[in-house]
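These notes concern the structure reproduced below.
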């Protein structure tokens with residue numbers, strides 16, 4: 001497993017952890033929440049809309065999809081396809097402000 005793959009999987013795990021924490025912190029169990037219900041918890045409209053759009057369940061689904069992308073790319077890389085590196089670099093871009101991010105990965 002490459003350093004870039006390890007980096008990506010670690011960031012995905014952090015995102016998953018935070019999403020699980022948010023589910024518990026907000027006491028929200030259902031998959032989708034109305035903006036009105038979130039506003040009732042004291043959030044501003046803008047914050048409620050943001051939470052609604054980026055619900056923990058959606059973040060968890062996105063993390064699962066990213067894991068599958070990384071696994072698929074890693075498998076293709078193993079059998080000789082050379083497009084894996086640029087795709088992994090693009091997936092890592094949102095984490096460029098992380099201290100473990102390497103400039104050599106910047107796509």
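Every number in this text was worked out from the coordinates using simple rules, so none of it is lab data. From a predicted model like this one, the values you see are computed outputs, not experimental measurements. Glycine gets a Cβ as well: all are built from the backbone with ideal geometry, and neighbour counts include every protein chain shown.
Tabulated data
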{"quantity": "Stretch gain in nm, segment residue 9-residue 49, where the contour uses 0.36 nm per residue and the Cα spacing is subtracted", "calculated": "11.6 nm"}
{"quantity": "Residues 87, 73, sorted so that the one with the fewest Cβ neighbours within 10 Å comes first", "calculated": "87, 73"}
{"quantity": "Extension gain, residue 58 back to residue 37 (0.36 nm per residue minus Cα-Cα distance, nm)", "calculated": "5.8 nm"}
{"quantity": "Among 60, 23, 43: highest mean-square fluctuation, GNM of the chain, C-alpha pairs under 10 Å", "calculated": "43"}
{"quantity": "Relative contact order %, the chain, counting alpha carbon pairs below 8 Å whose residues are six or more apart", "calculated": "34"}
{"quantity": "Structure-derived mean projected area of the Cα convex hull in nm² - corresponding label in (i) 10.3; (ii) 6.2; (iii) 7.7", "calculated": "(iii)"}
{"quantity": "Segment residue 98-residue 17, extension gain: residue separation times 0.36 nm, minus the distance between their alpha carbons", "calculated": "27.5 nm"}
{"quantity": "Estimated 222 nm signal from helices in the chain, with DSSP H stretches of n ≥ 4 weighted -39500 (n - 2.57), rounded to 500", "calculated": "-21000 deg cm²/dmol"}
{"quantity": "Ranked list, fewest to most other Cβ atoms within 10 Å of each Cβ, for 49, 103", "calculated": "103, 49"}
